[in-house]
1. Hey, what did the range 3-111 get for relative contact order, percent, Cα under 8 Å, at least 6 apart?
2. For Cα pairs less than 8 Å apart in space and 6+ apart in sequence, what is the mean separation divided by the residue count of the chain, i.e. the relative contact order in percent?
3. Can you tell me which of 75, 66, 227 moves the most in a GNM of the chain? Springs connect C-alpha atoms under 10 Å apart.
4. For a label point 7 Å from the Cα of residue 280 along Cα→C-beta, name the residues of the range 1-33 whose backbone N is under 14 Å from it.
5. How do 234, 48 rank when sorted from fewest to most other Cβ atoms within 10 Å of their own Cβ?
6. Show the residues, 5+ positions off or on another chain, whose built amide H is closer than 5 Å to the amide H of residue 50.
7. Please list, ordered by chain and number, the residues whose modelled amide H lies under 5 Å from the amide H of residue 104; skip anything fewer than 5 residues away on the same chain.
8. For the range 3-111, list log₁₀ I(q)/I(0) at each q in 0.19, 0.21 Å⁻¹, using the Debye formula over Cα point scatterers of equal strength and ignoring solvent, two decimals each.
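Rule-based calculations on the coordinates, nothing more; no lab input. Computed from a prediction, not measured in an experiment: that's the story for all the values here. FYI the Cβ positions are ideal-geometry reconstructions off the backbone, even for glycines, and counts take in every protein chain you see.
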Amino acid sequence: MKEKENYLQKKIHKLISDPSRVFTTVSGKRLQFLSPGYINKEKGPDFREVAILLNGSIIICDCEFHKNASEWNLHNHILDPEYKKVGIHIVFNNDTNLNNEFETLVINQDELPNLDDGVINLEPNEFLDSLDEIQNYALLRLLRKTSDAKILLQKLKIKDAFELSIKTFLGKYQSKKHRPIYNKIDTEELIGKLVESEMLSFLIDIQKNVEFNIPERLFTIMKHRIHSEGSHLRREIILNCLLPLSLAIANEEQRISLFVWFWSTPALNSYGILTRKFKNIPQNFIWQQQGMLEILYSFGKKTKISSNNFVKIGEVLSFFYLGNPPYK
């Protein structure tokens, strides 16, 4: 690849590193890049192990970039097994209709971000190389919790599953140092109030496929105290209990809105442990904090996320695809 094309590749990777942005493919499908994967410096597609949300389905695939769509055939990619896992073809000019098992995304070259804008200089540490890895871990954390919620819902009704999820979370929450202390009576009262709150109504409306503005309603839930909990604890309950259960029962359209909320919600405050462990890494959004927490939870040391990490999750979640998803 020429130097100019390498530069374009980096700019495109930065463009698809915004998980809150929703694109539309040539076929009319809604597309989010939940994780941009990594730039491939070897033979094969430009980006490997990209996580996308396509019309509500999560797909782990590869991504290829060409200036013109016709270059796919010109370069004989259809005959190359290295390109078998390509799920998204990004082009500037859609000059031909490709009859392949992937989606085409047309972007405007003038809208590509500058590489110098918003660049974060990371200090080397023992955990990660870049913000891209944080996105991977944030997605892994959310899907892991959603798969647990799905298993819970196979045994319990939605209200009982929500109550048990809160009890389990609060038990872990109280066991950690520097957490607000709730005695047994206060905890039981809090759980009772939460189970009868707007959070349960939110879950029931998701289950009944009621149409409403999901991000707006979640922001409203975050703002209003339900019982004795603080704003931080309330947000933690939304992240760890309400959101996973919602994703587990949501339809495609609802799932898109739930992911939009997750990837676009600002963090309420900074976590001290994350500030110490991940120097100069921003905590502007909740997904950034969730990604760093998952790194600490999973390994506590530098590692790489691969598609193998998602295999077990894919066995539980019906909206997750690994390999050859039904694009068309």
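1. 20 percent
2. So the answer I get is 22 percent.
3. Evaluated over the chain, the most mobile residue of the options is 75.
4. The answer is none.
5. Ascending Cβ contact count within 10 Å gives the list 48, 234.
6. 61, 62, 63
7. For residue 104, whose amide H was placed from the backbone, the distant partners under 5 Å are 26, 27, 89.
8. -0.96, -1.22
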